[in-house]
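Before any comments, here is the structure.
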Amino acid sequence: MLERLRRAYPLKLELIPLLLVLWTSYVVLTAFPDLPTQVPIHLNAAGEADRWGPRGLLLLLWAVQLGLVYVPATLLGLAFGLVEDFRPLINLPGKKREGLTASQGEGIRVWVLRLLLVTRVLAMALLALILYNSIRMARGEEAFMGSLLWVLVAALVAGTLFMMWRLLRAVR
């Protein structure tokens, strides 16, 4: 299994999402008790708070990062690493899927794993930045966003589009 995962990408890269979730967990859980009851829950394009809400929403956003991004994507990636023949999992019309060679199926599996890693890391970084900034602003500190938010959004969109293009090329 590990060898199949290593073919897709170095397993050391799994440290990135793990460190992101650990850092975000630390920041949220240590700051939460001292936060005011109302915290910024939405920031405009300039990084200014334009909506405030109960601080419990920060825990919800943290739970989203952990429970809807990190854990499912990690488990799905591990499951894809266990699959011997990836072709039955590929969502293509019957004749097109049946015409895939084992080599094409393996190529698609590799790109799916890479796509999962890229989107997971970028989505987690985006959520971590949003949480960090909400906490800073709730404490009365200046937001630490600048253009980093837009760089992450652009990277998430561009990375996903690139990976999907590569997947489509692998099917030909």
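The values are calculated or read from the model by the stated rules, or taken from the named source; none is laboratory data. Note that this is a predicted model, so its numbers are computed, not measured. Every residue, glycine among them, receives a Cβ derived from its backbone with ideal geometry; neighbour counts consider all protein chains shown. Areas reflect the complete protein model, heavy atoms only, side chains present, ligands, DNA and RNA absent. Shrake-Rupley method; radii C 1.70, N 1.55, O 1.52, S 1.80 Å.
Is it the case that segment 146-168 has a residue that's more than 30 Å from Ala46 (Cβ to Cβ), among the aromatic types (Phe, Trp, Tyr) and touching a residue at least 40 places away in the same chain (Cβ under 8 Å)?
no
Residue by residue through segment 36-50, note down the ones that are at pLDDT 90 or above, surrounded by fewer than 16 Cβ atoms within 10 Å (Cβ to Cβ) and not hydroxyl-bearing (Ser, Thr, Tyr).
Pro36, Gln38, listed by residue number.
If you check Arg97 against the conditions, is it modelled with pLDDT of 80 or more, basic (Lys, Arg) and in contact with a helix residue (DSSP H, G or I) (Cβ under 9 Å, 6 or more places away or on another chain)?
Considered against the rule, which asks whether it is modelled with pLDDT of 80 or more, basic (Lys, Arg) and in contact with a helix residue (DSSP H, G or I) (Cβ under 9 Å, 6 or more places away or on another chain), Arg97 comes out as no.
So which of Leu66, Leu60 is open to solvent by less than 70 Å² (accessible area, probe 1.4 Å) and either among the hydrophobic types (A, V, I, L, M, F, W, C) or more than 17 Å from Ala125 (Cα to Cα) (or both)?
Criteria check complete, one pass: Leu66.
Go through segment 78-89 and give me each residue that's modelled with pLDDT under 80 and buried (at least 17 other Cβ atoms within 10 Å of the Cβ).
The answer is Gly81, and nothing else.
Consider Arg109 carefully, then state whether it is basic (Lys, Arg) and either under 30 Å from Glu48 (Cα atoms) or without any contact (Cβ under 8 Å) to a residue 24 or more places away in the chain (or both).
So Arg109 does not fit the description; no.
Please indicate, with yes or no, whether at least one residue in segment 101-115 is in contact with a strand residue (DSSP E or B) (Cβ under 8 Å, 6 or more places away or on another chain) and not hydrophobic (A, V, I, L, M, F, W, C).
No, there is no match, as no residue in segment 101-115 is in contact with a strand residue (DSSP E or B) (Cβ under 8 Å, 6 or more places away or on another chain) and not hydrophobic (A, V, I, L, M, F, W, C).
Please return the ranges of helices (runs of 4 or more DSSP H) entirely within segment 31-109 where 3 or more residues are more than 30 Å from Arg136 (Cα to Cα).
Counting at least 3 such residues, we get 71-82, 94-98.
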